[in-house]
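Right, one structure below, let's go through it.
We did not get these values from a lab; they are worked out from the coordinates using the rules stated. Because the structure is predicted, anything quoted here is derived from the model rather than measured. We place every Cβ from the backbone using ideal geometry, glycine too, and count neighbours over all the protein chains shown.
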Amino acid sequence: MDIIESSYILLDIVFLFVKYCSSTNIYNLYVYYGIISVISHVKDDYMDKLKTIKIEEIKGITKVMINHLHNHNIYTVSDLLFYFPYRYENYEVINLNRAENNEKVTVVGEVITEPVFYYYRANRSRLTFSVLINDLVIKVVAFNRDFLRNKIHKKMHVTITGKFEKAKGQIVAQKLTLKPLESDKIEAVYSLKNLHKTYFQNVIRKALDQYAHLIEDELPLPLIKKYRLIPSRDLFTFVHFPVNNEQIRQVMRRVKYEELLKFQLKMLYLKSREHKYLLKQPKSYDEKLVTKFIEKLPFQLTNDQIKVTNDILFDLKQNYQMNRIVQGDVGSGKTVVAIIALYANYLSKYQGCLMAPTEILAEQHLKSLKERFDNSDLVIEILTSSITGKTRLDILKRLENGEIDIIVGTHALISEGVNFNNLGLTIIDEQHRFGVNQRKVLLDKGKNCDALFLSATPIPRTLALTAFGDMDVSSIKEMPKGRKIVKTYLIKSRLEQRVVQFIDQIISEKQQVYIITPLIEESEKMDLENALDVYEKYKAYFKDKYQVGLLHGKMTNDEKEKVMKAFASNEINILVSTTVVEVGVNVLNATLMVIIDAHRFGLAQLHQLRGRVGRSDKQSFCILVSDYEQDKTKERLEILTKVNNGFEISEADLRLRGPGDFFGSRQSGLPEFKMADLVNDFAILEVARDDAEMLIKTNEIFTNPEYFALKYYLEQELIDNNELFN
């Protein structure tokens, strides 16, 4: 056994020691610095030496350049080399006969007409001439190139880069060079402020000349050979100074795989460590009573609900803490699965809690729980910020004494003074609405209690496994029987009067309506409907006939709760709202949603909004209003008129818009990759995940010296992000 392996056995002992020490914070401090010391002494061979060399040590670098680099957060040679281009300009000469319409091309041609130059507006000019490219005569159009008017002549060869308008037989030039291209050229494009690319690349060349021999590979040789990846020394040359497209392709393959492998390693390591170190007493309950409870439900569970319920019940009986997320569409039945989990937890003689982002949603959960446990001895209470005085003190006292079995609440549950007697299960609804630290505060109120998270944002499995890599993921895709599909229509704003008539018809049938807008107040920059204007307009439409309410994010929590409760009790017939209504309103009587300027929303968000209607056996409708004419936007919105499955919509949204902010305030969520894309690179992602899983499960990353550079990266990441003891 060598010194490195011994040090990691020591780390495992330290983990267990800290876990069971009473003064955790003090010991964490000592152990934290102890681990840094161990790693720094033992693992010098695996540390990126370039991270320790300041840019000031690069030969020939000027003070002005040093200041420029510091302004770009470049302080070390490693920072410099990893400052990758964000795109490449490709000037590879192509055969114009094979080019597509509106494709960006680079061609070399012989000038066959004298240029024509004229001003078509003040300080706006146009230069045109024709060139012969192979057997094609192509017109070249260049704007604002005054300096070239007397430099282009017949029979000279020029290189043109620009958009090829095939139907017109012309190229609109973006770049004109008054000589043929000597060789195919690819230029790296960086995000630089007040710094010329040529000077920046000169510094990179100097750094590579001086320190290339210190570049070490974090990827182990077996993986480099397995996938035929370029080594790091070639990587930095190819990424900054590519000479052809093949080199860029090799850079992409290497960087994408390495980024995704490292992220997967971190997520899977955190998950395996949680299972290994967060030990608990297995929960023991009468399975027959749970089965009987399920059989007495007024509806039959779907196959997905049964599978997810079995996953949760299995987790409760294990000797490690459950850390599971259940994702599914609005109305897919996540709540009843959570209720079954709370019942099994209660039978195991533990307390349970359910935290929701809004008071009205917490009250809805309270109502559901009391309905399900109507004829039982369970004591269920609610705790929100509006519960104060003696009532609050009484709840806190009974909770600490163990007289309350299940408590439902909002952020009030994580406030000081809220103590449990024996918390065994924590459920967090709409988990992305809470920050990592908020969730942790609630979990820490129990001793390694099981954690269940609910999310109404369905995410494709590959992305879910990545985003929630430190959790077990369960999905409910099947909707309960009898649920009617929300009929969705895409219309122009000129049909507004027909919408008004339809709203009148819906309300005359004793049902309610949502009207959603993207803005609160009028914006000079955007010609969009806004909540205040729409509110006033519909008040005027239905004056003295229907009650119109207004809801937006600038209102106080108390004001929002008041409006939402009035709508829930049918005191308000039409609720004009921004997207704050996306979560927390469950009004079975609402059967119509009108979304104005629908093109301003993502598909997943539109689907979430649409989920506010269609929650009963009544037929519901969603009308998307948009005058946007762009083909891709219309295609995106039309998906909603054809598809109701949230997972399919989520996949379409990811393809069209990218991952976006699916995970709210999840602080350790998706990283900023330099080149990898979680949607388009899903094939690489799955390969990287399989490799990471193998390295963690077989312990090869911890025992095989070839993988110690990756192991060092992993531990250093956890220290830098303060996740060793989270």
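For the pair LYS168 and TYR75, what calculated FRET efficiency results from E = 1/(1 + (r/R0)^6), where r is the Cβ-Cβ distance and R0 = 56 Å, to the nearest 0.05?
Working: r = 51 Å, r/R0 = 0.91.
Efficiency, from the Cβ-Cβ distance: 0.65.
Evaluating kT/(6 pi eta Rh) at 20 °C and 1.002 mPa s, with the Kirkwood radius of region 201-300 over Cα pairs in the Stokes-Einstein relation, gives 117 µm² s⁻¹. Distance between the modelled labels on ASN97 and GLU571, one decimal in nanometres: 7.8 nm (7 Å Cα→Cβ projection).
Relative contact order of region 487-643, please, whole-number percent, based on alpha carbon pairs below 8 angstrom and at least 6 residues apart. The partial results should precede the final answer.
On the way: 261 pairs, mean separation 49.3, N = 157.
Computed over region 487-643, the figure is 31 percent.
Pairs of Cα atoms nearer than 8 Å and 6+ residues apart set the relative contact order; for region 287-476 it is 32 percent. What shape does region 487-643 have by the C-alpha gyration tensor, where a ≥ b ≥ c are the square roots of the eigenvalues, rounded means a/c under 1.5, and otherwise prolate means a/b greater than b/c and oblate the rest? Rounded is the answer for region 487-643, as its axis ratio a/c remains below 1.5.
The GluC sites (Glu not before Pro) found in region 156-230 that occupy coil by DSSP, while having at most 11 further C-beta atoms within 10 Å, are GLU182.
Can you tell me which of 98-105, 622-629 comes out highest on packing, and rank the rest after it, using the mean Cβ neighbours within 10 Å?
Details: 98-105: 12.9, 622-629: 18.8.
Ranking, from highest mean packing down: 622-629, 98-105.
Counting only other residues whose beta carbon sits under 14 Å from that of ASN401, what net charge do I get with K and R as +1, D and E as -1? Net charge in that neighbourhood comes out at -3. Simple spin-label estimate for MET252 and GLU700 gives 2.8 nm between the two label positions (7 Å along the Cα-to-Cβ direction from each Cα).
Over all distinct Cα-Cα pairs of region 330-435, the Kirkwood formula returns a hydrodynamic radius of 13.8 Å. Note on GLU496 and THR113: with the Förster distance fixed at 35 Å, the Cβ-Cβ geometry gives a FRET efficiency of about 0.05. Relative to one another, the C-alpha centroids of region 288-336 and region 352-423 are positioned 21 Å apart.
What does the charge count near TYR285 come to, summing +1 for each Lys or Arg and -1 for each Asp or Glu among other residues with Cβ under 11 Å from its Cβ? Taking every Cβ under 11 Å from that of TYR285, the sum is +2.
For region 128-172, the share of DSSP beta bridges that are antiparallel, to the nearest 5, is 75%.
Spin-label model, LYS288 to SER385: label points 7 Å out along the Cα-to-beta-carbon direction sit 4.8 nm apart.
Each part gets one Cα centre, and for region 475-500 versus region 125-171 those centres are 52 Å apart.
What's the ranking of 117-124, 632-639, 608-615 by average number of surrounding C-beta atoms within 10 Å, highest first? Let's see the in-between values first.
Working: 117-124: 9.1, 632-639: 15.1, 608-615: 23.2.
Those peptides, ordered most packed to least, come out 608-615, 632-639, 117-124.
Can you tell me the relative contact order of region 97-242? Whole percent, Cα pairs under 8 Å, sequence separation 6 or more. Worked out over region 97-242, it gives 20 percent.
How much FRET efficiency would the formula 1/(1 + (r/R0)^6) give for ALA683 and ASN67, where r is the Cβ-Cβ distance and R0 is 56 Å, rounded to 0.05? Can you show the working numbers first?
On the way: r = 43 Å, r/R0 = 0.77.
Result of the calculation: an efficiency of 0.85.
Give, in nm to one decimal, the length gained when the segment between ASP377 and LEU178 is fully stretched (0.36 nm per residue of separation minus the Cα-Cα distance). Between ASP377 and LEU178, full extension yields an extra 62.8 nm. LYS349 sits among other residues whose Cβ lies under 15 Å from its own Cβ, and their net charge, with Lys and Arg +1 and Asp and Glu -1, is -1. Taken about its Cα centre, region 287-476 carries a charge dipole of roughly 140 debye when the Cβ of each Lys and Arg holds +1 and the Cβ of each Asp and Glu holds -1.
Length gained on full extension, LEU297 to ARG149, computed as 0.36 nm times the residue gap minus the Cα-Cα distance: 45.0 nm.
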